[in-house]
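Everything on this sheet refers to the single structure shown next.
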Amino acid sequence: MGYLLFRLWVLWVKHLSVGSLTSYGKKLGTLTLYLLKKRRKIALNNLTLALGREKSKKEIEQICRGSFKNIGIDMMEISRCLDFEDGYVKEMVTFEGREHLDHALKRGKGVIALTAHLGNFPLMTFRLVNDGYPLSLIARDPENPKVTKMITSFRNDAGIESIPDKPRRACVSKCLEALERNRILFLQIDQNAPITECWVDFFGHLVPTFKGPAVFSIRKGAPILPMFIIRNLDSHHKITIRPAFELTTTGNTQEDITSNIASLTKIVEAVIREHPEQWWWVHRRFRRARNIRTGESLFPKHS
């Protein structure tokens, strides 16, 4: 049933005019805000944890509505992504700092693209491969195998290489292979992670954070380039690619990994603070959060 609904959804969106996607996306986001009460509660709780000390309840609710609307627009645009003509995609999504990526790739060690669930991040991958950049990403696909097959086909048609997140050992091996082939490895570190990952400060709370970017960079010498995509008021997008992150190395590998992930997480947090309505607050990012002073779990049953 889920697969059929997904197919019908894609077919419907493909028949809409490009100019109507934003309007329909906002309506979809607003509808989802009221229908998915559990996700709305998660988003509001996350916002309160992250920004409750500096934002009023009204402001938090406004950011929550904006986030849902942006996700709705994202869904509309992504569903039409492969139908966009090359010229339109290039007009819709522009670059800033592209020279940093080109310079990094010339080193021949691959590039780790550090990013987040911010803005229309799938559109960023499409824009990159559309310009001929070799890109691989870790995929955590839906449980429905038919939907997974369709999404994988969608990525393959776009020229995006998918690396399944499980089994973990195979995932790590393929990530390292991608860097050896001088590809861009697209990594997001802003989701809930297992307790075995790095515990770092995120919006004033300790949270487990994926250590992949630091581990891969230390092992392979691949530069880490923070890059983010932001939606403008006219529904055009800008990809900002920053200079290579300066990795701190002291000889203590474990401490170096944690220290670098902490710094990278602060980069992600700063961009989210600039554009809070464009981050996916619906994720359970603070599920395992701990008090930064005492180390005690904020939600004991999830620790």
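The values are calculated or read from the model by the stated rules, or taken from the named source; none is laboratory data. Fair warning: this is a prediction, and the values are worked out from it, not measured in the lab. Note that each Cβ is placed from the backbone with ideal geometry, even for glycine, and that neighbours are counted across all protein chains shown.
What pairs come out if I take residues in segment 109-137 that are closer than 21 Å to residue 235 by Cα and pair them with residues that are small (Gly, Ala, Ser) and surrounded by fewer than 21 Cβ atoms within 10 Å (Cβ to Cβ) whose C-beta lies under 9 Å away, six or more apart or interchain?
Taking only residues 6 or more apart or on different chains, the pairs are 125/158; 126/158; 126/159; 129/158; 129/159; 130/158; 130/159.
Out of curiosity, is residue 47 free of Cβ contacts under 8 Å to residues at least 40 places away in the same chain, crowded, with 17+ Cβ neighbours inside 10 Å and under 21 Å from the mean Cα position of the chain (by Cα)?
Values: free of Cβ contacts under 8 Å to residues at least 40 places away in the same chain: no; crowded, with 17+ Cβ neighbours inside 10 Å: yes; under 21 Å from the mean Cα position of the chain (by Cα): yes.
No; evaluated as a whole, the condition is false for this residue.
Looking for whichever is at pLDDT 95 or above, among the β-branched types (Val, Ile, Thr), surrounded by fewer than 21 Cβ atoms within 10 Å (Cβ to Cβ) and over 15 Å from the mean Cα position of the chain (by Cα) here; the options are 172, 147. Which one fits? Give the steps one after another, and end with the answer.
Details: 147 fails: at pLDDT 95 or above.
Unique residue meeting the criteria: 172.
State which residue pairs qualify: first residue touching a residue at least 12 places away in the same chain (Cβ under 8 Å) and inside segment 175-192, second residue surrounded by fewer than 20 Cβ atoms within 10 Å (Cβ to Cβ) and among the hydroxyl-bearing types (Ser, Thr, Tyr) in any location, beta carbons under 9 Å apart, and separation of 6 or more residues or different chains.
183/133; 184/133
List the number of the failed condition for residue 138; all other conditions in (1) surrounded by 17 or more Cβ atoms within 10 Å (Cβ to Cβ); (2) more than 20 Å from residue 283 (Cβ to Cβ) hold.
Only one criterion in (1) surrounded by 17 or more Cβ atoms within 10 Å (Cβ to Cβ); (2) more than 20 Å from residue 283 (Cβ to Cβ) is unmet by residue 138, namely (2).
Output the qualifying pairs, or none if there are none: Cβ atoms under 9 angstrom, residues six or more apart or on different chains, first residue in segment 227-244 and more than 20 Å from residue 135 (Cβ to Cβ), second residue surrounded by fewer than 13 Cβ atoms within 10 Å (Cβ to Cβ).
236/91
Hey, any hits in segment 259-270 for a residue that's at pLDDT 95 or above and either under 25 Å from residue 40 (Cβ atoms) or not in a helix (DSSP H, G or I) (or both)? Can you show your working first?
Step one: list which residues in segment 259-270 are at pLDDT 95 or above, which gives 259-270.
Right, trim to either under 25 Å from residue 40 (Cβ atoms) or not in a helix (DSSP H, G or I) (or both) and you get 268-269.
Scanning segment 259-270 turns up at least one residue that is at pLDDT 95 or above and either under 25 Å from residue 40 (Cβ atoms) or not in a helix (DSSP H, G or I) (or both).
Does segment 12-22 contain at least one residue that is touching a residue at least 40 places away in the same chain (Cβ under 8 Å), among the polar types (S, T, N, Q) and touching a Phe, Trp or Tyr at 6+ places or on another chain (Cβ under 9 Å)? First the steps, then the outcome.
First, pick out the residues of segment 12-22 that are touching a residue at least 40 places away in the same chain (Cβ under 8 Å): 13-14, 16, 18, 21-22.
From what is left, the residues that are among the polar types (S, T, N, Q) are 22.
Then keep just the ones that are touching a Phe, Trp or Tyr at 6+ places or on another chain (Cβ under 9 Å); that gives none.
For segment 12-22, residues touching a residue at least 40 places away in the same chain (Cβ under 8 Å), among the polar types (S, T, N, Q) and touching a Phe, Trp or Tyr at 6+ places or on another chain (Cβ under 9 Å): absent.
Could you please find all residues in segment 212-244 being closer than 14 Å to residue 268 by Cα, crowded, with 21+ Cβ neighbours inside 10 Å and of a type outside the set (A, V, I, L, M)?
Those that are closer than 14 Å to residue 268 by Cα, crowded, with 21+ Cβ neighbours inside 10 Å and of a type outside the set (A, V, I, L, M): 213, 226, 228.
Can you tell me how many residues in segment 72-123 are among the charged types (D, E, K, R), more than 22 Å from residue 21 (Cβ to Cβ) and out of contact with any Asp or Glu (no Cβ under 9 Å at 6 or more places or on another chain)? Reasoning before the result, please.
Keep residues of segment 72-123 that are among the charged types (D, E, K, R), which gives 74, 77, 80, 83, 85-86, 90-91, 96, 98-99, 102, 106-107, 109.
Filter once more, so that each one left must be more than 22 Å from residue 21 (Cβ to Cβ): 96, 98-99, 102, 106-107, 109.
If we keep only those that are out of contact with any Asp or Glu (no Cβ under 9 Å at 6 or more places or on another chain) too, we end up with 96, 99, 102, 106-107.
So the answer is 5.
Among the numbered criteria (1) of a type outside the set (Phe, Trp, Tyr); (2) crowded, with 22+ Cβ neighbours inside 10 Å; (3) in contact with a His (Cβ under 7 Å, 6 or more places away or on another chain), which one does residue 92 miss?
Answer for residue 92: the failing condition is (2).
In segment 243-275, how many residues are of a type in the set (S, T, N, Q) and under 17 Å from residue 226 (Cβ atoms)?
Matching residues across segment 243-275 total 5.
Applying the selection to segment 278-303, what residues are closer than 25 Å to residue 122 by Cα and either under 14 Å from the mean Cα position of the chain (by Cα) or among the basic types (Lys, Arg) (or both)? Can you show your working first?
Filtering segment 278-303 down to residues closer than 25 Å to residue 122 by Cα leaves 278-287.
Of everything in segment 278-303, those that are closer than 25 Å to residue 122 by Cα and either under 14 Å from the mean Cα position of the chain (by Cα) or among the basic types (Lys, Arg) (or both) turn out to be 278, 279, 280, 281, 282, 283, 284, 285, 287.
Of the numbered conditions (1) in contact (Cβ under 8 Å) with a residue 24 or more places away in the chain; (2) over 22 Å from residue 243 (Cβ atoms); (3) within 16 Å of the chain's Cα centre (by Cα), residue 141 fails exactly one; give the number of that condition.
Against the list (1) in contact (Cβ under 8 Å) with a residue 24 or more places away in the chain; (2) over 22 Å from residue 243 (Cβ atoms); (3) within 16 Å of the chain's Cα centre (by Cα), residue 141 comes up short only on (1).
If you go through segment 50-67 one residue at a time, how many are closer than 18 Å to residue 286 by Cβ and either touching a residue at least 60 places away in the same chain (Cβ under 8 Å) or surrounded by 18 or more Cβ atoms within 10 Å (Cβ to Cβ) (or both)?
Summing the residues that are closer than 18 Å to residue 286 by Cβ and either touching a residue at least 60 places away in the same chain (Cβ under 8 Å) or surrounded by 18 or more Cβ atoms within 10 Å (Cβ to Cβ) (or both) in segment 50-67 gives 7.
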